[in-house]
Amino acid sequence: MIKVLVKREKFSNLPLSVEIKGHALFAPSGEDIVCAGVSTLSQTIVFSLQNLLHIDPPLKIREGYMFIGFPAALQTSQKQQAELLFETLLLGLKEISREYPKFITYNEFLVKENGGK
């Protein structure tokens, strides 16, 4: 199962990070449409941040794991654009989890900006 954990800033509701871990196990490797959808969506957002907005977000990627942090210290217009990309990612992940609830879970948590709950 894929587990999506989203941390949002308690007061502004700004997405602070997205952590995606696991495999859907919907179908054999190479045929798994749930994993493919999650992977494509999350990688596209990262590529968009990097190539369109010229922002390098905090990022960790390894087999079955991806962490994307919201970039710090952005100009107002960049922050708005980055937030729109993050919200697009989250909308897509929520919809995949609604369509395939046995294969992906989606959870959001509100935290203080420094990372504490």
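The values are calculated or read from the model by the stated rules, or taken from the named source; none is laboratory data. Please read all numbers here as calculations on a predicted model, not as lab measurements. Glycine also receives a Cβ, built like all others from the backbone with ideal geometry; neighbour counts cover every protein chain displayed.
Which residue is surrounded by the fewest Cβ atoms within 10 Å (Cβ to Cβ), if the candidates are limited to region 19-54 and must be β-branched (Val, Ile, Thr) and more than 12 Å from Leu85 (Cα to Cα)?
Thr40
Can you tell me how many residues within region 77-101 are surrounded by 14 or more Cβ atoms within 10 Å (Cβ to Cβ), under 18 Å from Val4 (Cα atoms) and either touching a helix residue (DSSP H, G or I) at 6+ places or on another chain (Cβ under 8 Å) or free of Cβ contacts under 8 Å to residues at least 24 places away in the same chain (or both)?
Result for region 77-101: 9.
Which one of these does Ile68 not meet: (1) more than 12 Å from the chain's Cα centre (by Cα); (2) β-branched (Val, Ile, Thr); (3) surrounded by 15 or more Cβ atoms within 10 Å (Cβ to Cβ)?
With respect to (1) more than 12 Å from the chain's Cα centre (by Cα); (2) β-branched (Val, Ile, Thr); (3) surrounded by 15 or more Cβ atoms within 10 Å (Cβ to Cβ), Ile68 is out only on (1).
Got a sec? Which of Ser42, Ser17, Ser48 is assigned to a helix (DSSP H, G or I), within 20 Å of Asn107 (Cα to Cα), of a type in the set (Gly, Ala, Ser) and at pLDDT 95 or above?
Ser42
Can you say whether Ile104 is at pLDDT 95 or above, under 22 Å from Ser12 (Cα atoms) and surrounded by 17 or more Cβ atoms within 10 Å (Cβ to Cβ), as far as the supplied structure shows?
The answer is no for Ile104.
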